[in-house]
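The values are calculated or read from the model by the stated rules, or taken from the named source; none is laboratory data. Just so we're clear, the structure is a prediction, and the values are computed from it rather than from any experiment. Counting neighbours? That spans all protein chains shown, and the Cβs are built from the backbone with ideal geometry, glycine included.
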Amino acid sequence: MAILMPKATAVWLIDNTALTFPQIADFVGLHELEVAAIADADTGTQVRGENPLQSGLLLQAEIDRVSADPAARLSIAKGYSVPVAPKGGRRYTPMLKRANKPNAVAWLTREYPEMTTKQISKLVGSTKPTIESIRNRSYWNMANIEPGSPVELGLCTLNAMQNEIDIALAARAAQKAAEENAEPEEEKNFLGM
């Protein structure tokens, strides 16, 4: 099992234990030379040590046991599970790319008008009021918007955009088929039904 923040854990183990470089390297998943470089302050000087005892990754008894035997290897504490970042939610967009969101929204609403506001919001990360104001051309900075593909602007991947486009096109086709199959109300009344 890979541990989170291997360099930070290695920094703490180097500074606070008598473990050998091979023992630390084996535990954190780095090469022995990387651990030696961290110890020599060649790399990792900006990395703050992460205490594996506080997170429950290691027990002090395990560190003491392995420190006494150079051939022994550290093992993760029983019951410890690596924290997993939650999926979904908001993703971080760098400051330089945030100004491109209205451009991407304008391009999507022009090229794929069948896409819903929710789909565009999910794809680009813009707010629903912004998307609606761009869609009806009442956006405060509409004169300066230069429509551009969200993929080219670096706001989403091509696969993600293609997936949303496919969903929108399928929904439009289903709606069109439902409208064609529906019998108008006036015809029903004329036939005596």
### Message
Show the residue pairs meeting these rules: Cβ distance below 9 Å; 6+ apart or different chains; first residue within the stretch 75-88 and loosely packed, with under 10 Cβ neighbours inside 10 Å; second residue at pLDDT 65 or above and in a loop (DSSP other than H, G, I, E, B).
### Response
Lys78/Leu59; Gly79/Gly56; Pro83/Leu4
### Query
Somewhere in the stretch 116-125, is a residue closer than 21 Å to Gly154 by Cα, among the polar types (S, T, N, Q), outside any helix (DSSP H, G or I) and under 20 Å from the mean Cα position of the chain (by Cα)?
no
### Query
Only one residue in Asn144, Asn103, Asn189 is modelled with pLDDT under 85, over 30 Å from Ile3 (Cα atoms) and either out of contact with any His (no Cβ under 9 Å at 6 or more places or on another chain) or surrounded by fewer than 17 Cβ atoms within 10 Å (Cβ to Cβ) (or both). Which one?
Asn189
### Message
Restricting to the stretch 9-42, count the residues that are without any contact (Cβ under 8 Å) to a residue 24 or more places away in the chain and assigned to a loop (DSSP other than H, G, I, E, B).
### Response
4
### Task
Test Thr45 against the stated conditions and say whether it is at pLDDT below 95, farther than 16 Å from Ile24 by Cβ, under 19 Å from the mean Cα position of the chain (by Cα) and not in a helix (DSSP H, G or I).
no
